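Have a look at the structure below, then the notes.
The values are calculated or read from the model by the stated rules, or taken from the named source; none is laboratory data. Nothing here was measured: the structure is a model prediction, and the numbers come from that model. Here the Cβ positions follow ideal geometry from the backbone for every residue, glycine too, while neighbour counts run over all protein chains shown. When the accessible area is computed, the model is the full protein with side chains, heavy atoms only, and any ligands, DNA or RNA have been set aside. Shrake-Rupley method; radii C 1.70, N 1.55, O 1.52, S 1.80 Å.
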Amino acid sequence: MTPTAPKPRRVLALLAICANRVVRNEQIIEELWENSPPTSVTTTLQTYVYQLRKHLQRALAPQPAGTAAVSASELRTFAGGYMLSLAPEALDSLRFEQLVAQGRAALESGRTEAAARILREALALWRGPALVDVAPGPILQVEVLRLEEMSKSALELRIEADLLLGRHHELLSELVGLSARQPTHEGFQAKLMLALYRAGRRSEALGVYQGARKALVAELGVDPSGDLQRLHRAILEGDPSLSEAGPPPIGLESLAMSIPRQRRLEHRQVGAVQ
């Protein structure tokens, strides 16, 4: 029942991504037209909302058992805005955020097997880029970046859990692909180094560090972080903390839990421009 017209589709996406919160008319107008709204903007927006209500009414027709989340949907009008009421299980992004929070908590409390399972379930909700079938405006673009950043964090945490469970051999092909696609993402480089080292491929692990260092200097003009350098030294020295039975590897935990360094640099650059 999703509308096919681009702008009503974008309104639905914005209301859904802000589910159970009032979205002001000004926000919707900014999302649809930025600084160039039409003279009939109020009437046009009301028309889009009317069309969405018609779509929802069709969706609210008698449904098979198990679709209560859809039938609980309601598009309400407030002074100066609109709110789409949705049950948490009705929206992939809300369910994803809940699962990521549960997986992170499980990992922090030492329930590693449960953390890996929960985070794998969260990542399975992704079928492609966020809002791939919507032409996002400025507000939705921020939401796309936020969700994609969260997906990277969830992937790092899931790999962290698998490494702690001794699944380094199974992770190698995945990590090689991730590291090749994102050569400045220090979290993925660190995990590949550790997996290679635990698989008895020490020289390749050291080669990954050199490749990451070259990419960081060439693309961002920075050296590897202190955490990545400490992991490199630990591999050179055969530090016992890198073994499966040892404590979390040097530097790897903070790399997994933080925003990738490239994102931090981008945020600082954007802030400076603003």
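Structural remarks
- The candidates Trp33, Trp126, arranged from most to least accessible area with a 1.4 Å probe in the full protein assembly, appear as Trp126, Trp33.
- Rounded accessible area of His55 (nearest 10 Å², 1.4 Å probe): 40
- Sites listed here are trypsin sites (Lys or Arg not before Pro) in the stretch 8-51 whose DSSP assignment is loop and whose Cβ has at most 14 other Cβ atoms within 10 Å: Arg21.
- Computed with a 1.4 Å probe over protein heavy atoms only, the accessible area of Ser225 comes to about 20 Å².
- Shape call, the stretch 1-51: gyration tensor on alpha carbons, a/c limit 1.5: oblate
- Computed on protein heavy atoms with a 1.4 Å probe, the accessible areas place Lys7, Lys214 in the order Lys214, Lys7, largest first.
- Among the trypsin sites (Lys or Arg not before Pro) found in the stretch 119-155, those both in a DSSP coil and sparsely packed, with 11 or fewer other Cβ atoms within 10 Å of their Cβ, are Arg127.
- Around Ser179: net Lys/Arg minus Asp/Glu count, Cβ-Cβ under 11 Å: 0
- Summed residue charge, Cβ within 11 Å of Ala122's Cβ, Lys/Arg positive, Asp/Glu negative: +2
- Residue-wise HN-Hα couplings along the stretch 182-187, as the Karplus relation 6.51 cos²θ - 1.76 cosθ + 1.60 with θ = phi - 60° gives them from phi, are 10, x, 9, 7, 5, x Hz; Gly and Pro carry x.
- Where Met83, Met193 fall by accessible area, highest first, once all protein chains stay in place (1.4 Å): Met83, Met193
- Spatial offset of the stretch 1-40 relative to the stretch 150-229 amounts to 39 Å, using the alpha carbon center of each.
- For the stretch 125-212: accessible area per residue (Å², 1.4 Å): 41
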